[in-house]
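*Asks:* Have a look at this one before I ask anything.
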Amino acid sequence: MSHFSFAFGVGTQSSQGEWLEVFYPQPVLNPSDSLVKAVAGVLGNGVITGNHAAVINAQQASQICEAMRAIDHEGQAKWLRQAADAGQPMVITLLEHDTAPTSTPEVYLKLQLLSDGQIQPHGQDLTGIFGLLPNVAWTNEGPIAVEDLTQRQMDARLRGAWLHVNAVDKFPRMVDYKVPAGVRIGDASRVRLGAHLAAGTTVMHEGFVNFNAGTAGNSMIEGRISAGVVVGKNSDLGGGCSTMGTLSGGGKEIIAVGEDSLIGANAGIGIALGNRCIVEAGLYITAGTKITVLDANNQEVGTTKGVTLSGKDDLLFRRNSQTGRVEVKPNGTAVILNDALHSHN
Amino acid sequence: MSHFSFAFGVGTQSSQGEWLEVFYPQPVLNPSDSLVKAVAGVLGNGVITGNHAAVINAQQASQICEAMRAIDHEGQAKWLRQAADAGQPMVITLLEHDTAPTSTPEVYLKLQLLSDGQIQPHGQDLTGIFGLLPNVAWTNEGPIAVEDLTQRQMDARLRGAWLHVNAVDKFPRMVDYKVPAGVRIGDASRVRLGAHLAAGTTVMHEGFVNFNAGTAGNSMIEGRISAGVVVGKNSDLGGGCSTMGTLSGGGKEIIAVGEDSLIGANAGIGIALGNRCIVEAGLYITAGTKITVLDANNQEVGTTKGVTLSGKDDLLFRRNSQTGRVEVKPNGTAVILNDALHSHN
Amino acid sequence: MSHFSFAFGVGTQSSQGEWLEVFYPQPVLNPSDSLVKAVAGVLGNGVITGNHAAVINAQQASQICEAMRAIDHEGQAKWLRQAADAGQPMVITLLEHDTAPTSTPEVYLKLQLLSDGQIQPHGQDLTGIFGLLPNVAWTNEGPIAVEDLTQRQMDARLRGAWLHVNAVDKFPRMVDYKVPAGVRIGDASRVRLGAHLAAGTTVMHEGFVNFNAGTAGNSMIEGRISAGVVVGKNSDLGGGCSTMGTLSGGGKEIIAVGEDSLIGANAGIGIALGNRCIVEAGLYITAGTKITVLDANNQEVGTTKGVTLSGKDDLLFRRNSQTGRVEVKPNGTAVILNDALHSHN
């Protein structure tokens, strides 16, 4: 068989019975055949092939719980046991193939596999997910369909309470679903579900991480990681810096930042950065920026466009403060990350 | 008669009985004469002229509810019916004229008319509103007067709960009062009540919208819309970009952005932008910026100051990356907004 | 005796009994000898010397309450009385000396002395605090140890509630512990506990203030105040502007901003600013920036590096928009803060 993923979830449905979101406490990548068979034993063999998001009732949850116990999947059994009688909507999502999602629970599973660290950015098929994600009001009372909001706000007030809305978005914040080990996040509203943060990552209050994007190791993120962008280990994004999602100028090449690199505060990139690169604070480099190339002795050796330097290693980008021209030169300074900064902040 | 506005609201008062805020579930612009008369039938004819914010009790709420039913205003009747017996402070705000506000409930009505989409920015008299808006701690238990906060925090802890404060400000977040249809907001703390967001607007996490400001149509807002600024349809504000509230250099001219325009990431404007304009990522244009004017063939035709270009159409602003000078040239590139970006993100 | 500080607090402990945080409703700097003796009368004379964070039980809380009454410290007595029987973890923190902290309650006391306005930034010994601050998930149900989070999220869902996480950080937001008088904060997630905000400070939504940093008087903060940075009275940080924590280029000199100064939107400093200085919008000045020095008539008088101008008064920094070079000249424009802006916004 060899399935792509399995997860048991509890979620929220609108008053029309449509899924607003699903929380999977312990999603499984590449579930064992025995796990798939155990589920099929309860739901029927029809779930063994294809991709399914099956709503289950309390009885089915209990049965799957027992089936999980029988094959020593105590972790899964625990969640099923807890949820079985609570009366919240439950779903079993079992994906044979990693293909374009076709349901909201399926998208939520894929986003959680990313944030759980089991899948790397660009590591699975996310085609068409926007159309499957409803726009939801994320409140202190949970997800609410936007059209129900005014009534719910009045209801709360009339019982002396307060409904506060944290976002109106297709994506929830990651931390309401998963906080990866070894990660700090100064303002949780700035990291979307589907972000992938490696242990050792600090996302400061000014940092931002979109879905299908993130970090590959230790990093200090005080700037914005756009959808699709991955930052290599030991790299820093300075306060307020910007990364374009794809190569500026209409390209489809994905922007990335290599290892041991630094983008200065309020700087930005519309090209990829390689390893051991620095972009000076306040400088924005795009694919079309004309850049004077200097050697290690600051002698001019030519002129090029930003796009030709995309992804290259050991470069220092700066704007000459006497002539105003943008220059690139070999980066002789290894970026030594301040250990105190990284274990702390 | 021809009144300016009517609304029924429930709100929060301090321990001294002063209004901290008012929520109007369904504010009415230009109420019919029959509606005004129905209210006057309960509250007395004295409310027909002038601007009033009248505290009402349960009996009056019930009577106004019945009066609304009698003239087929079922929407209003519904809210009055729900609120009548809940014991929360209730107010009827009836404004004959759009003049400078004189009470907190009046300011809250005008801000909600903006966010409700019934009034455009600069479309009403907001003179002196700061003095009428109390500074409030906005918490998960609702608005709290700042001087009561420490005791309330202790009270919460001693019953094993947690009082968390989202802001200490004169303005609440818009979404706790109104979420306009067709809008997404990544971080709700970044949009103040009194913002005006047209359907098709996405305010990403880095976006910000102040009061009496907003968008006129489809737009992707990843930068900051200052008080008074309006962004035309099909325009984008790139991540972290800045708009000054009024023309830089002390002018009182209000900054605006036209249609089909783009301000790049980390860029900024201290002048107005017309239609089909682009400001390059990272470039800040102010009224005093000396700008070299180029023709479509990049030939220099003169030099001017930013202020002379304020509000002009079809301009591309950039900093020459070889000479460091700021240039403007005709913008031959129509800004084609990426449909996928706009329906999504 | 002459002690450094005393405070009674209630806090949160992990399931392993370790302090996650402590709230001190009324911390005392330089407590009187009679207060210290009153505490010692209950806890034993061993607390008179050295630094202590002593967990107390209900009986001890009542006894200390009575001892406070006996010496007319009604304020302290009130909090002890309220807390005595609530069953929440209580602590007496009594510090003889201002030395490097050795416990979590001690760090929380020092951070609260800062935010309470009793200690200025750099006014006490904060050595090693990162190691004493646990990384905590700050939620609507209070602080939660990260390893307990998934279970707590499931628990909340199964009872039909929602656990939302506001941050995963060593520092909580300041306002959940203290809101200084005369301060407004547009987005409370942007100000860490340990920030020091003087009356008359407005931190707009884009502003940020780290610990051991802040303002010394009236100020409009729409940019980022890094750890250790203090902004003088009547100074403004424009939207999205950046301050480096220490002198750029590896120095240990702390960055500061003087009085009556302005950093423009999206600008930044890696040097200190003196009084009456302006940095033009969008310009980033670092220690290594080569800067052309102009006299009051815009005549060139030399070239220098940013570091030589660090902390100097009456300077205007700009990038010449025709030549791209960075220039500094005497600042003839006193920065007159707009009163309406400061009392409002």
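The values are calculated or read from the model by the stated rules, or taken from the named source; none is laboratory data. Predicted model, so just to flag it, every value in this text is computed and none were measured. Counting neighbours? That spans all protein chains shown, and the Cβs are built from the backbone with ideal geometry, glycine included.
*Asks:* Please go through (1) within 14 Å of chain B (Cβ to nearest Cβ); (2) part of a strand (DSSP E or B); (3) in contact with a Ser or Thr (Cβ under 7 Å, 6 or more places away or on another chain) for C:Phe317 and return the number of the only condition it doesn't satisfy.
*Replies:* For C:Phe317, the exception is condition (3).
*Asks:* Can you work out which of the residues in segment C:150-183 that are more than 8 Å from every other protein chain (Cβ to nearest Cβ) and small (Gly, Ala, Ser) is surrounded by the most Cβ atoms within 10 Å (Cβ to Cβ)?
*Replies:* C:Ala156
*Asks:* Residues of segment B:116-152 being of a type in the set (S, T, N, Q) and closer than 28 Å to B:His205 by Cβ, which ones? Step through it out loud before you land on a result.
*Replies:* Of the residues in segment B:116-152, the ones of a type in the set (S, T, N, Q) are B:118, B:120, B:124, B:127, B:135, B:139-140, B:150-151.
Answer for segment B:116-152, where residues must be of a type in the set (S, T, N, Q) and closer than 28 Å to B:His205 by Cβ: B:Gln118, B:Gln120, B:Asn135, B:Thr139, B:Asn140.
For (1) surrounded by fewer than 16 Cβ atoms within 10 Å (Cβ to Cβ); (2) within 14 Å of chain A (Cβ to nearest Cβ), each residue gets a yes or a no:
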| residue | (1), (2) |
| --- | --- |
| B:Gly46 | yes, no |
| B:Ala53 | no, no |
| B:Ala86 | no, yes |
| B:Ile92 | no, no |
| B:Ala100 | yes, no |
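*Asks:* Condition (residue is among the β-branched types (Val, Ile, Thr), in contact with a helix residue (DSSP H, G or I) (Cβ under 6 Å, 6 or more places away or on another chain), free of Cβ contacts under 8 Å to residues at least 40 places away in the same chain and within 12 Å of chain B (Cβ to nearest Cβ)) applied to segment A:258-270: is it met by at least one residue? Working first, answer last.
*Replies:* So in segment A:258-270, the residues among the β-branched types (Val, Ile, Thr) come out as A:263, A:269.
Narrowing further to those that are in contact with a helix residue (DSSP H, G or I) (Cβ under 6 Å, 6 or more places away or on another chain): none.
The answer is no, given that none of the residues of segment A:258-270 is among the β-branched types (Val, Ile, Thr), in contact with a helix residue (DSSP H, G or I) (Cβ under 6 Å, 6 or more places away or on another chain), free of Cβ contacts under 8 Å to residues at least 40 places away in the same chain and within 12 Å of chain B (Cβ to nearest Cβ).
*Asks:* Applying the selection to segment C:4-55, what residues are touching a Ser or Thr at 6+ places or on another chain (Cβ under 9 Å), farther than 19 Å from C:Pro172 by Cα and assigned to a loop (DSSP other than H, G, I, E, B)?
*Replies:* If the condition is that a residue be touching a Ser or Thr at 6+ places or on another chain (Cβ under 9 Å), farther than 19 Å from C:Pro172 by Cα and assigned to a loop (DSSP other than H, G, I, E, B), then C:Phe4, C:Asn30, C:Pro31 are the ones that fit.
*Asks:* In this structure, does B:Gly274 turn out to be away from every other protein chain (no Cβ under 12 Å) and touching a residue at least 40 places away in the same chain (Cβ under 8 Å)? Break it down into steps so the answer makes sense when it comes.
*Replies:* Numbers: away from every other protein chain (no Cβ under 12 Å): yes; touching a residue at least 40 places away in the same chain (Cβ under 8 Å): yes.
In short, yes.
*Asks:* Something else: Against the definition (on the phi < 0 side of the Ramachandran plot, aromatic (Phe, Trp, Tyr), within 21 Å of the chain's Cα centre (by Cα) and assigned by TED's automatic domain parsing to the domain that holds B:Gly123), how does B:Trp79 come out, yes or no? Step through it out loud before you land on a result.
*Replies:* Working: on the phi < 0 side of the Ramachandran plot: yes; aromatic (Phe, Trp, Tyr): yes; within 21 Å of the chain's Cα centre (by Cα): no; assigned by TED's automatic domain parsing to the domain that holds B:Gly123: yes.
The answer is no for B:Trp79.
*Asks:* A further question follows. Run down A:His122, A:His205 and say which single residue is in the same structural domain as A:Gly268 (by TED's automatic domain parsing) and not aromatic (Phe, Trp, Tyr).
*Replies:* Values: A:His122 fails: in the same structural domain as A:Gly268 (by TED's automatic domain parsing).
Going through A:His122, A:His205 in turn, just one is in the same structural domain as A:Gly268 (by TED's automatic domain parsing) and not aromatic (Phe, Trp, Tyr): A:His205.
*Asks:* If you don't mind, another one. Going by what's in this entry, would A:Val55 be described as touching a residue at least 40 places away in the same chain (Cβ under 8 Å) and farther than 30 Å from A:Gly217 by Cα?
*Replies:* For A:Val55, the condition - touching a residue at least 40 places away in the same chain (Cβ under 8 Å) and farther than 30 Å from A:Gly217 by Cα - is not met.
*Asks:* Looking for whichever is within 16 Å of the chain's Cα centre (by Cα), within 21 Å of B:Ser226 (Cβ to Cβ) and away from chain C (no Cβ under 11 Å) here; the options are B:Val209, B:Val191, B:Val107. Which one fits?
*Replies:* Within the list B:Val209, B:Val191, B:Val107, the selection yields B:Val107.
*Asks:* Then there's this: Could you tell me which residue of segment A:110-149 is farthest from B:Thr139 (Cα to Cα), considering only residues that are in a helix (DSSP H, G or I), within 11 Å of chain B (Cβ to nearest Cβ) and out of contact with any Ser or Thr (no Cβ under 9 Å at 6 or more places or on another chain)?
*Replies:* Taking the candidates together, the pick is A:Ile129.
*Asks:* Kindly establish whether C:Gly182 is on the phi > 0 side of the Ramachandran plot and either among the aliphatic types (A, V, I, L, M) or part of a strand (DSSP E or B) (or both).
*Replies:* In short, no.
*Asks:* List pairs: first residue in segment C:58-87 and part of a helix (DSSP H, G or I), second residue of a type in the set (D, E, K, R) and surrounded by fewer than 22 Cβ atoms within 10 Å (Cβ to Cβ) anywhere in the structure, Cβ distance under 7 angstrom, at least six positions apart or on different chains.
*Replies:* From residues that are part of a helix (DSSP H, G or I), the pairs are C:Ala58/C:Asp85; C:Cys65/C:Arg81; C:Ala77/C:Arg69.
*Asks:* On to the next question. Please go through segment C:215-240 and give me each residue that is within 14 Å of chain B (Cβ to nearest Cβ) and in contact with a helix residue (DSSP H, G or I) (Cβ under 8 Å, 6 or more places away or on another chain), ordered by number.
*Replies:* C:Met220
*Asks:* Scan segment A:231-257 for residues that are in contact (Cβ under 8 Å) with a residue 60 or more places away in the chain and either surrounded by 24 or more Cβ atoms within 10 Å (Cβ to Cβ) or of a type in the set (Asp, Glu) (or both) and jot them down. Full working, then the answer.
*Replies:* Looking only at segment A:231-257, we keep the residues that are in contact (Cβ under 8 Å) with a residue 60 or more places away in the chain, and these are A:234-236, A:247, A:254.
Matches in segment A:231-257: A:Ser235, A:Asp236.
*Asks:* Please go through segment B:284-295 and give me each residue that is under 27 Å from the mean Cα position of the chain (by Cα) and either buried (at least 24 other Cβ atoms within 10 Å of the Cβ) or facing chain C (nearest Cβ under 7 Å) (or both), ordered by number.
*Replies:* Within segment B:284-295, B:Tyr284, B:Ile285, B:Thr286 meet the criteria.
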